[in-house]
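Everything on this sheet refers to the single structure shown next.
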Amino acid sequence: MRSDTRHTEKFLKGLTTLTGLPYKKVQRYVKQNNPFNILEHPRIMEPNEKQLEKIGLLNEFIASYNLLKIYESNEKITFNSSTAAGQYFYALLSGMKDKERFMVAFLDRGNNVIEIKTMSEGSVGQTAVYPREILKYALACDCNAVILAHNHPGGSQNFSPEDKALTQRIVDIFHPLEIKVLDHIIVGTGNYSSIAETESMPDFCKDKANYDAIALGTIPIAEKRNRFQNTR
């Protein structure tokens with residue numbers, strides 16, 4: 001950290017005050033490293049359980065603040081394009097590096113958000129998604145469409161076979177109910193991918209719908225490589 005970076009110093013003081021991390025330890029780390037790594041990869045600071053929880057809450061606050069800035073002028077959040085949905089979920093999920101979160105946006109006929117709900121969350125490579133739970137909430141809020149989204153903690157924006165299988169499964173379950181599955185957003189490092197834009201949404205399969213849980217634990221080869229490189 002350069003001696004003239006006044007704003008960095010203020011950032012570190014705020015970070016240590018809010019999280020309880022030792023100031024001198026944080027200061028030593030940022031002399032050779034990016035200070036944002038502390039928020040994105042908190043375990044590098046070897047925090048205790050309470051400090052780790054506070055860092056998680058701080059990340060949630062930052063994500064919420066970013067979303068409020070994006071939509072402060074709108075009374076309703078509307079996903080009228082993959083770009084709008086991608087930007088929203090990127091702001092919400094891009095800071096999550098130590099866990100995987102699967103979310104669903106439930107939309108009305110005008111593609112206005114009725115509710116955005118976290119359906120599953122787990123450690124890296126250990127997130128299971130339950131289609132039956134997604135269906136239950138879709139029926140409860142009487143939605144017309146859904147958008148799926150989750151992050152890849154390793155940074156890859158590629159759709160894994162499990163990601164594609166889950167998308168197909170949700171399409172098959174919702175199609176008979178005339179609930180559209182508009183997109184599946186993957187949030188990686190620096191950007192996001194939309195299956196509707198990059199690969200096209202899967203068609204309805206006539207086979208019997210499968211309500212079994214599906215694990216998003218298999219890491220794409222490219223992401224395995226990224227994770228290995230990030231440890232160097």
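The values are calculated or read from the model by the stated rules, or taken from the named source; none is laboratory data. The shown structure was predicted, so the numbers you read here are calculated from the model rather than taken from an experiment. Because the Cβ atoms are built from the backbone with ideal geometry, glycine has one as well, and the counts that use them run over all protein chains shown.
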Confirm whether GLN168 is modelled with pLDDT of 75 or more and either part of a loop (DSSP other than H, G, I, E, B) or among the hydrophobic types (A, V, I, L, M, F, W, C) (or both). no
Mind counting the residues in the range 180-194 that are surrounded by fewer than 21 Cβ atoms within 10 Å (Cβ to Cβ) and of a type in the set (Val, Ile, Thr)? 1
LYS76 - would you say it is surrounded by fewer than 19 Cβ atoms within 10 Å (Cβ to Cβ), without any contact (Cβ under 8 Å) to a residue 40 or more places away in the chain and in a helix (DSSP H, G or I)? no
Could you grab me the full set of residues in the range 175-205 that are over 20 Å from ILE134 (Cα atoms) and either in a helix (DSSP H, G or I) or of a type outside the set (Asp, Glu) (or both)? GLY188, THR189, GLY190, ASN191, TYR192, SER193, GLU197, THR198, SER200
Qualifying positions in the range 145-185 - aliphatic (A, V, I, L, M), closer than 13 Å to ALA196 by Cβ and in contact (Cβ under 8 Å) with a residue 40 or more places away in the chain: VAL146, ILE147, LEU148, ALA149, LEU182, ILE185
Number of positions in the range 80-122 that are among the small types (Gly, Ala, Ser), surrounded by fewer than 20 Cβ atoms within 10 Å (Cβ to Cβ) and assigned to a helix (DSSP H, G or I): 1
One residue is enough: does the range 54-68 have a residue meeting the conditions under 27 Å from ASN37 (Cα atoms), surrounded by 20 or more Cβ atoms within 10 Å (Cβ to Cβ) and in contact (Cβ under 8 Å) with a residue 12 or more places away in the chain? yes
May I ask you to verify whether PHE79 is under 25 Å from the mean Cα position of the chain (by Cα), under 25 Å from LEU148 (Cα atoms) and at pLDDT 90 or above? yes
Pick from the range 123-140, criterion crowded, with 20+ Cβ neighbours inside 10 Å and touching a Ser or Thr at 6+ places or on another chain (Cβ under 8 Å), ranking: modelled with the lowest pLDDT: THR127
Taking the conditions exactly as written (within 14 Å of the chain's Cα centre (by Cα) and among the polar types (S, T, N, Q)), does SER94 satisfy them or not? yes
Residue hits (the range 189-207; modelled with pLDDT of 90 or more and either over 18 Å from GLY155 (Cβ atoms) or touching a His at 6+ places or on another chain (Cβ under 7 Å) (or both)) are ILE195, ALA196, GLU197
Here's a check for you: in the range 24-49, which residue that is in a helix (DSSP H, G or I) and touching a Leu at 6+ places or on another chain (Cβ under 9 Å) is surrounded by the fewest Cβ atoms within 10 Å (Cβ to Cβ)? ARG43
Kindly indicate whether any position in the range 101-119 is modelled with pLDDT of 90 or more, among the charged types (D, E, K, R) and within 21 Å of GLY188 (Cβ to Cβ). yes
Consider PRO42 against the criteria (1) modelled with pLDDT of 85 or more; (2) touching a His at 6+ places or on another chain (Cβ under 9 Å): it satisfies all of them except one. Which criterion is unmet? (2)
